[in-house]
Each structure stands twice: as structure tokens, then as C-alpha cells.
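Here, each number is a calculation from the coordinates, and none is a lab measurement. Keep in mind it's a predicted model, so treat the numbers as computed, not measured. Glycine also receives a Cβ, built like all others from the backbone with ideal geometry; neighbour counts cover every protein chain displayed.
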Amino acid sequence: MGKKKSLSVLKRERQNEKRRIRNRIYKLKIKNLIKKIRKSKDVKEKEDIYRELQSVVDKAVKRGVIHENKGARIKSKVLKYLKPAG
């Protein structure tokens with residue numbers, strides 16, 4: 001028979017599961033917005049999606065889902081897709 005888990009361990013497991021789901025939602029939003037920008041042909045639409053991406057990335061950084069430097073890197077790399085090739 002295994003050792004019984006304490007109440008604090010059970011609470012920590014519940015908290016970790018909630019946070020994992022919340023973090024996953026932010027990361028998926030970021031990935032999906034990047035995909036939208038890459039697929040889009042219209043420059044105006046790309047700019048609108050980029051503004052939304054900036055907001056989501058900043059919120060993820062603020063909530064500790066991703067590091068501040070990673071947020072800056074994401075925004076910087078996505079800017080390449082906004083500029084026309086040539």
C-alpha cells in the first residue's frame with residue numbers, strides 16, 4: 001500500500017493542472033496567430049493579426065507563461081512576414 005498524499009500535495013496538483021491548461025491556451029493562441037500571418041496574402045489583414053499577436057504575447061509575458069526575451073523574439077521574427085519580399 002502506498003503512502004497517502006497530504007492535502008498540500010493534492011492542492012499543488014490541482015493548481016499545477018490549472019496553470020498547465022492556462023499556459024497551453026496562450027501558447028496555442030500565439031502559434032495559431034503566427035500561422036495566420038504566414039498564410040495571409042493581404043497586408044492590411046496581416047497588420048491586424050500582428051496587433052492581436054502583440055497583445056497576446058504581452059499578456060503571456062505579463063502572466064509568466066513565456067519569458068520576456070522570448071516574447072520580444074517572437075514579435076521580432078514575425079515582423080519579417082509583414083514586410084514584402086524584394
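Restricting attention to segment 1-37, which residues are hydroxyl-bearing (S, T, Y) and loosely packed, with under 13 Cβ neighbours inside 10 Å? Spell out how you get there, then give the answer.
Initially, segment 1-37 is screened for residues hydroxyl-bearing (S, T, Y), giving 6, 8, 26.
Within segment 1-37, S6, S8 meet the criteria.
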Looking at segment 38-52, is at least one residue surrounded by 14 or more Cβ atoms within 10 Å (Cβ to Cβ) and among the hydrophobic types (A, V, I, L, M, F, W, C)? yes
